[in-house]
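Some notes on the structure that comes next.
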Amino acid sequence: IRFLLLAPVDRGGTTRAVNRGPLLTDAPDLRPPTVAEAAALLSLTGPVQLQRVDNGVPGWTVLAGGQVVGHIGSTWEIAGSIGYSGRPLDVLVAITPQATIGGALLVRHDEPVLTLGISDADISAYVAGFAGFDLAATGAAANPVGLPDVISRATVSTGVIRDGILRT
């Protein structure tokens with residue numbers, strides 16, 4: 001399987017598509033979070049600002065009152081998430097300065113789970129269930145007990161989503 005990857009072109013922060021196969025024509029446009037989504041993903045009530053980051057790990061820095069309160073990354077942009085359907089999958093993942101997942105938002109999927117009676121709301125609820133997971137935990141605390149259970153009849157799709165979120 002060949003993938004389409006997004007890679008920085010230069011230090012100026014320009015991002016381009018790198019042809020890695022048939023996904024080039026199906027690559028989603030990168031959808032930045034809105035300020036309202038960023039605030040909700042990080043459970044903030046006041047105004048926030050977003051700054052795009054293209055150097056290093058791409059994404060958005062979230063600021064409130066001039067202080068960094070989190071970072072948001074796209075599973076498609078960072079991890080090249082591909083669903084069971086073989087099509088791009090994108091989740092915006094917010095990480096707090098304490099290395100916990102502040103929240104996650106399903107942006108795009110083309111999974112065939114709807115034919116199994118599993119709704120977009122079910123998938124979105126699964127994605128939201130990653131909030132609070134401690135990415136810095138080690139030892140027994142690193143056990144994936146805090147992760148949401150995969151959805152029955154959609155184990156591959158939800159497993160791929162979990163993989164994308166945790167790799168982002």
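The values are calculated or read from the model by the stated rules, or taken from the named source; none is laboratory data. Just so we're clear, the structure is a prediction, and the values are computed from it rather than from any experiment. Heads up, the Cβs are rebuilt from the backbone with ideal geometry, glycines too, and the neighbour counts pull from every protein chain shown. The area values use the complete protein model at the heavy-atom level, side chains included, leaving out ligands, DNA and RNA. Shrake-Rupley method; radii C 1.70, N 1.55, O 1.52, S 1.80 Å.
Scan (1) farther than 23 Å from A36 by Cα; (2) touching a residue at least 12 places away in the same chain (Cβ under 8 Å); (3) among the small types (G, A, S); (4) open to solvent by 60 Å² or more (accessible area, probe 1.4 Å) for the single condition S157 breaks and write down its number.
Failing condition for S157: (4).
Search segment 66-78 for residues that are within 22 Å of G46 (Cβ to Cβ) and pair each with any residue that is open to solvent by less than 10 Å² (accessible area, probe 1.4 Å) and part of a helix (DSSP H, G or I) when their beta-carbon atoms are under 8 Å apart and the residues are at least 6 apart or on different chains.
Close Cβ pairs (under 8 Å, with a partner that is open to solvent by less than 10 Å² (accessible area, probe 1.4 Å) and part of a helix (DSSP H, G or I)) amount to G70/A38; I72/A38.
Can you find, within segment 46-83, the residue that is farthest from the chain's Cα centre (by Cα) among those that are part of a loop (DSSP other than H, G, I, E, B), of a type outside the set (G, A, S) and farther than 15 Å from A94 by Cβ?
Residues of segment 46-83 that are part of a loop (DSSP other than H, G, I, E, B), as a first pass: 46-48, 54-58, 65-66, 80-81, 83.
Subsequent filtering for residues that are of a type outside the set (G, A, S) retains 47-48, 54-55, 57-58.
Now drop any that are not farther than 15 Å from A94 by Cβ, which leaves 47, 54-55.
Values: P47: 22, D54: 16, N55: 18 Å.
It comes out as P47.
Take E77 and tell me if it is at pLDDT below 80, buried (at least 20 other Cβ atoms within 10 Å of the Cβ) and acidic (D, E).
It is false that E77 is at pLDDT below 80, buried (at least 20 other Cβ atoms within 10 Å of the Cβ) and acidic (D, E).
Would you pick out the residues in segment 91-109 that are at pLDDT below 90 and crowded, with 21+ Cβ neighbours inside 10 Å?
H109
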